[in-house]
Structures are given as C-alpha cells and as structure tokens.
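Engineer: Supplied in structure tokens, the structure appears directly below.
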Amino acid sequence: MDIAAQMRTIAKAARAASRKLAAAEGSARQQALLNLAELLAGNAAAIGVANKKDLAAAEQRGLDKARLDRLTITEGVLAAMVQGCREVAAMSDPVGEIESMKKRPNGMLVGRMRVPLGVVAMIFESRPNAAVDAAVLCIKSGNARPSCAAAARPSTP
C-alpha cells in the first residue's frame, strides 16, 4: 500500500472514531483517560524495552543527541504522562458546555456551545509523550486523532 492510500485509510478510521467519541458520555471519556493512565503505569517495563529499541534504531540512523533526548522515555517522562492523563480526566467535561448566552431583541437566545471538531491531526517528531498528550486532549474533547505508528518513530536527520 502506498503512503497516500495508507493515509486515506487512517483518515477514514479516524473519522469513524470521531463520531463515536463525539457521542460518548463525558464519564466514558473520563474513564478512558483513567484506563490509559493505568495502562501506561502498568506497562512501564514493556514501554522501556520498546523505547530502548527505538533509541537504538535512531542512533543507528544517525540522529543527533537532542533528538535522542526527545525520544527517550525516562521514568520521569512516563510518570508525567500518567499524571497528565489523570489530571485531564479530573477536569470538567468541555463537550456541550454553553458559554456567553445572549438574548436577542426578538427573544431568541444565542450562545456558543463547545462541540468536538472531529479529527485532529498533528505533526511532531521524536516525542512519544506528545502522542500521549495529543491523544489525551482529543479524548477529553471528544475528538479523534489519527493513529499512525510512523508518527512516533524518529524522523531521518
């Protein structure tokens, strides 16, 4: 499969997921974030092993020290990812929140309601914690983020 076809497949899956996330109750999204925190904490050893493989491959490809540092998942980085999941889960649900309601001269109420965007895509390099941060914010706000293993891999120098 070429890259364009692969990206279309990923985008279609993200779009389908966005509809489910947008319709999910805030409590379900909150529980998903708490589950993610537990999965990250409970799989620290496996994450460390996988990260060492990523670092070895990145070194072999000639990535500089700064990029290797960004790619490294230390115990502190992993703890921050877990804590971030829990902190965002504890925040109030933004979906459906109404702000700045005004009454028009004809009696009609007009306001702004927070709603999911749908699919949020981002480009980043060599920061595994950025993938988790993006996923956490998307889940909380009822949005989907395309899942692409290549996004978490180190870029070429």
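The values are calculated or read from the model by the stated rules, or taken from the named source; none is laboratory data. A quick note: this is a predicted structure, and the numbers were derived from the prediction, not measured. Don't worry about glycine lacking a Cβ; one is built from the backbone with ideal geometry, like all the others, and counts go over all protein chains shown. To get the accessible areas, we keep the full protein, side chains included, count just its heavy atoms, and leave off ligands, DNA and RNA. Shrake-Rupley method; radii C 1.70, N 1.55, O 1.52, S 1.80 Å.
Engineer: Would you check if Val120 is β-branched (Val, Ile, Thr), open to solvent by 30 Å² or more (accessible area, probe 1.4 Å), modelled with pLDDT under 90 and in contact with a strand residue (DSSP E or B) (Cβ under 8 Å, 6 or more places away or on another chain)?
Structural biologist: yes
Engineer: Oh, and also: For region 73-98, how many residues are touching a Lys or Arg at 6+ places or on another chain (Cβ under 8 Å), among the aliphatic types (A, V, I, L, M) and surrounded by fewer than 16 Cβ atoms within 10 Å (Cβ to Cβ)?
Structural biologist: Narrowing region 73-98 to residues touching a Lys or Arg at 6+ places or on another chain (Cβ under 8 Å): 88-89, 91, 93-98.
Applying the additional criterion that residues be among the aliphatic types (A, V, I, L, M) yields 88-89, 91, 95, 98.
Applying the additional criterion that residues be surrounded by fewer than 16 Cβ atoms within 10 Å (Cβ to Cβ) yields 91, 98.
Total meeting the criteria: 2.
Engineer: Take the conditions in contact (Cβ under 8 Å) with a residue 40 or more places away in the chain and touching a Pro at 6+ places or on another chain (Cβ under 7 Å) and apply them to Gly62. Does it pass?
Structural biologist: Criteria met by Gly62.
Engineer: May I pose another question? Since Ala45 meets every condition but one in (1) of a type outside the set (D, E, K, R); (2) free of Cβ contacts under 8 Å to residues at least 40 places away in the same chain; (3) open to solvent by less than 50 Å² (accessible area, probe 1.4 Å); (4) within 23 Å of Asn129 (Cβ to Cβ), which condition does it not meet?
Structural biologist: (3)
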